[in-house]
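Computed from the coordinates by the stated procedures, all read-outs in this text should not be read as laboratory data. Just so it is clear, the structure is predicted and the values come from calculations on it, not from any experiment. Quick reminder, even Gly has a Cβ in these numbers, built from the backbone with ideal geometry, and neighbours come from all protein chains shown.
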Amino acid sequence: MNKPLILVVEDDSAVRNLITTTLETHNYRFRTAITGEAAIMEIVSYNPDVILLDLGLPDMDGIEIIQKVRSWSKTPIIVISARSEDTDKIESLDAGADDYLTKPFSVEELLARLRVTFRRLNDIGVMDVQSPIFKNGDLMIDYAACCVYMEGKELHLTPMEYKLLCLLAKNVGKVLTHTYIMKEIWGSAWDNEVASLRVFMATLRKKIEANPSSPKYIQTHIGIGYRMLKL
Ligand code: CA
């Protein structure tokens, strides 16, 4: 990918300047929009590679923008929201956002999120071939044989753990909300299932992580969900 184009949608000029200065310094191409309407126009006209989207815009709800964009485009969306807006983050991830940044964030955090997103984009290009083998660090999943290996050694997962691992693997780099995971795995999302999900996650981690209390593969987003990191 040569010089990706990033669309920065943010009405707060201080935050916008921080972002654009960072992008400029790191040699990214970018465009900006201060309203939801302008953002949609930009996305339609310039087809950016990544969208950084502030949820609180003057004319439109950020979630509405995500839903609109998702009706025709898979362009990665990184949501920018204030710390107090956890439910907004969950709603945006469920609407199809890929990741989030919490204000105030550091330049390093912003760059790290962008790197993750670009790595994912590259992987999606590669994975379009529909490889039956998934590899990430020392983890390998053979989808055809339903087998999981860690450092070449086969792991024995329960069907539920296997389902959970595959779901995270197929969305590697993306934060999946509790609701999304539960709907995918159980077909429903009740509050008491979050507890069950935690139990399955704990047993899965014991099998795949060398140190389950400081996991390398599956990251916890407290109150939000989980993400498999791309190693
Ligand atoms: Ca705002």
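Structure summary
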quantity	calculated
With 10 Å bins from 0: P(r) over the stretch 142-229, alpha-carbon pairs, percent	16, 55, 26, 2
In Å, descending, principal axis extents of the Cα set of the stretch 1-89	34, 30, 20
Cut-off 13 Å between beta-carbons: net charge of the residues surrounding ALA210, Lys and Arg +1, Asp and Glu -1	+2
The stretch 66-115 - Kirkwood radius from inverse mean 1/r over Cα pairs (Å)	11.4
Under 28 Å from the Cα of LYS170 - lysines, other chains or at least 8 residues apart	LYS3, LYS68, LYS74, LYS89, LYS135, LYS153, LYS183, LYS206, LYS207, LYS216, LYS230
Within the stretch 16-104, chymotrypsin sites (Phe, Trp or Tyr not before Pro) in DSSP loop having at most 13 other beta-carbon neighbours inside 10 Å	TRP72
Two-site FRET efficiency, CYS146 against ASP86, from Cβ-Cβ distance with R₀ of 22 Å, rounded to 0.05	0.05
Amide H within-cut-off set for ASP99, under 5 Å, with H built and near neighbours excluded	ILE77, VAL79
Geometric extent, Cα atoms of the stretch 33-167 - Rg, Dmax (angstrom)	18.0, 54
Bridge type composition, the stretch 44-109 - antiparallel percent by DSSP, nearest 5	10
Size descriptor, Kirkwood hydrodynamic radius, that averages inverse alpha-carbon separations across the chain, Å	18.7
Positive-pole candidate from ILE6, PRO104, LEU176, dipole of the chain, charges at beta carbon	LEU176
Estimated dipole of the chain in Debye, rounded to 20 [Cβ of Lys and Arg +1, of Asp and Glu -1, Cα centre]	840
